[in-house]
1. Filter the range 65-95 down to the residues that are open to solvent by 30 Å² or more (accessible area, probe 1.4 Å) and touching a Lys or Arg at 6+ places or on another chain (Cβ under 6 Å) and list them by number.
2. Could you please tell me which pairs satisfy a Cβ distance under 8 Å, a separation of 6+ or placement on different chains, a first residue in the range 45-57 that is more than 17 Å from ASN99 (Cβ to Cβ), and a second residue that is part of a strand (DSSP E or B) and among the acidic types (Asp, Glu)?
3. Of the residues ILE41, ILE62, which is surrounded by 14 or more Cβ atoms within 10 Å (Cβ to Cβ) and modelled with pLDDT of 95 or more?
4. On the basis of being outside any strand (DSSP E or B) and either of a type outside the set (Phe, Trp, Tyr) or farther than 18 Å from PRO110 by Cα (or both), does ILE30 make the cut?
5. Among the residues that make up the range 22-33, is at least one of them out of contact with any Cys (no Cβ under 8 Å at 6 or more places or on another chain), at pLDDT 95 or above, open to solvent by 80 Å² or more (accessible area, probe 1.4 Å) and within 15 Å of VAL132 (Cα to Cα)?
Amino acid sequence: MANYKEIVTKAILGKGKKTFTTIDAITPEIVPTTILGCWVINHNFKGYKNGDKINIEGSYDINIWYSCMDDTKTEVVKKSTTYLESVVVPKRSEGDFSNEEVIIRSLKQPTCTRAEIVNGKIEYTVEKELGVEIVGDTKVKIAYDEEEDPWEIIPDDNTEEVNKAEKEIDEQVNEEYLD
């Protein structure tokens, strides 16, 4: 007959991912002619619990390379952006939600998916995918058998075995080898 024990451990109690899309605009000092490239760099973020929701605060820098003056010169315009996203993460199991840990992962780094010139401004779209894990205490029941495996006896001294091994080596030595 099996008995049960409860083990308290940390486990993922909730997990989810979400894609966020942000549309923004920037007005460069010199009127752009053509967009040549757009990069999103320096993505930083952190998450924390706020009631039933998880808030994710983050920031990134966007650099847009463009041509100007009828495609005779190029310039780069830069903008730092901060964001606050709020999500509800579905719970996978019951557990102690009083001291949860929130882990945020960037599953897809912020990427510029569209950049257009509209009335002298550059309008762009940034997409990012974030994963959220909620880690907390939970209990696991395991079955165990009351009969334990027998304990092996550890000898106090193994000198008898060492002496036997040395004797075997001595017997293998050919004393007439040097003659």
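The values are calculated or read from the model by the stated rules, or taken from the named source; none is laboratory data. This one's a predicted model, so the numbers in the text were calculated from it and none came from an experiment. Glycine gets a Cβ as well: all are built from the backbone with ideal geometry, and neighbour counts include every protein chain shown. Just so you know, the surface numbers come from the protein's heavy atoms only, side chains and all, with ligands and any DNA or RNA stripped out. Shrake-Rupley method; radii C 1.70, N 1.55, O 1.52, S 1.80 Å.
1. SER86, VAL88
2. PHE45/GLU57; LYS46/GLU57; ASN55/GLU85; ILE56/GLU85
3. ILE62
4. Yes; evaluated as a whole, the condition is true for this residue.
5. No, because not a single residue in the range 22-33 is out of contact with any Cys (no Cβ under 8 Å at 6 or more places or on another chain), at pLDDT 95 or above, open to solvent by 80 Å² or more (accessible area, probe 1.4 Å) and within 15 Å of VAL132 (Cα to Cα).
Results for (1) open to solvent by 90 Å² or more (accessible area, probe 1.4 Å); (2) at pLDDT 95 or above; (3) of a type in the set (D, E, K, R), shown as yes or no for each residue.
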position: ASN99; (1), (2), (3): no, no, no
position: THR113; (1), (2), (3): no, yes, no
position: GLY120; (1), (2), (3): no, no, no
position: ILE134; (1), (2), (3): no, no, no
position: VAL140; (1), (2), (3): no, no, no
position: GLU146; (1), (2), (3): yes, no, yes
position: ASN158; (1), (2), (3): no, no, no
position: GLU171; (1), (2), (3): yes, no, yes
position: GLU176; (1), (2), (3): yes, no, yes
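To keep it simple, each residue is scored yes or no on (1) closer than 22 Å to ASP61 by Cβ; (2) touching a Leu at 6+ places or on another chain (Cβ under 7 Å).
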site: THR82; (1), (2): yes, no
site: ARG92; (1), (2): no, yes
site: ILE104; (1), (2): yes, yes
site: LEU107; (1), (2): yes, yes
site: CYS112; (1), (2): yes, no
site: LYS121; (1), (2): yes, no
site: THR125; (1), (2): yes, no
site: LYS128; (1), (2): yes, no
site: THR138; (1), (2): no, yes
